[in-house]
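Take a look at the structure below.
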Amino acid sequence: MTISLYDAVIPSQLQIIASVRALVDKAKAHCENEGTAAEEIIGARLIEDMQPFSYQVKSCREHSLGAIEAVREGVFTPSLVAPPSDWEGLYAKLDEAKAGLEAVTEAEMAGFIGQPMEFRFGEMVMPFTAENFLLSFAQPNFYFHATTAYDLLRERGFQIGKGDFLGTPRMKRA
């Protein structure tokens, strides 16, 4: 059986976008239930020189739907726009990613194969094919940021586990 580029990217990104959204739900509920200021979690960092929770959530959008949008244009340049500073902004990023990913078709993804693609940041230019950009650059970045969002909450004592990160897997149907 051959797996398509669509199958290798889109369903798993939708799965993890949903789980990150559920993590934001838990973070928001924690703040409301414990009287913790939202900024304390939204701005939380694992270590001083790492980006905050809000950036991790924003980057899930950037390395999923943003990567698809970039492939359509042939170039990805990281967004330097500040991440959202409130729950509504985080939800908006995730909802935008979900809606955009759901609109991607298998035919469109198949059409990306072999297309030239570049990552550009300042003077750095990294040439790719579209499929290699998606699978070897965007997808690892997507999982890194989703994992870091999870880890930020876990480090703060949230009662979450691997199932909260994995979300709902696509199991075989009888």
- prompt: Looking only at region 151-174, which residues are out of contact with any His (no Cβ under 9 Å at 6 or more places or on another chain), surrounded by 14 or more Cβ atoms within 10 Å (Cβ to Cβ), within 14 Å of His30 (Cβ to Cβ) and of a type outside the set (Lys, Arg)?
  reply: Leu152, Ile160, Asp164
Region 73-107, residues that are surrounded by 12 or more Cβ atoms within 10 Å (Cβ to Cβ) and without any contact (Cβ under 8 Å) to a residue 12 or more places away in the chain: Ala92
- prompt: So which residues in region 1-34 are without any contact (Cβ under 8 Å) to a residue 40 or more places away in the chain and in contact with a helix residue (DSSP H, G or I) (Cβ under 6 Å, 6 or more places away or on another chain)?
  reply: Cys31
- request: Go through the residues of region 50-63 one by one and say whether even a single one is over 16 Å from the mean Cα position of the chain (by Cα) and under 19 Å from Thr147 (Cβ atoms).
  value: yes
statement: In region 103-123, anything of a type in the set (Asp, Glu) and closer than 13 Å to Val9 by Cβ is listed as Glu106, Glu108
- request: Could you pull out the residue among Glu32, Glu39, Glu62 that is of a type outside the set (A, V, I, L, M) and loosely packed, with under 13 Cβ neighbours inside 10 Å?
  value: Glu32
field: Options Gly122, Gly114; residue that is within 17 Å of Ser4 (Cα to Cα) and surrounded by fewer than 15 Cβ atoms within 10 Å (Cβ to Cβ)
entry: Gly114
message: Against the definition (within 27 Å of Leu153 (Cβ to Cβ), among the polar types (S, T, N, Q) and out of contact with any Cys (no Cβ under 9 Å at 6 or more places or on another chain)), how does Ser136 come out, yes or no?
response: no
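Scan region 40-72 for residues that are of a type in the set (Lys, Arg) and touching a helix residue (DSSP H, G or I) at 6+ places or on another chain (Cβ under 6 Å) and report the count.
Residues flagged as of a type in the set (Lys, Arg) and touching a helix residue (DSSP H, G or I) at 6+ places or on another chain (Cβ under 6 Å) within region 40-72 amount to 2.
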query: How about region 15-67: which of its residues are more than 24 Å from Ala99 (Cβ to Cβ), among the β-branched types (Val, Ile, Thr) and touching a Lys or Arg at 6+ places or on another chain (Cβ under 8 Å)?
result: Ile41
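A short reminder: the numbers here are calculations on the coordinates, not readings from a lab. All values reported here derive from a predicted model rather than from experimental measurement. As a convention, Cβ positions derive from the backbone with ideal geometry for all residues, glycine included, and neighbour counts pool all protein chains shown.
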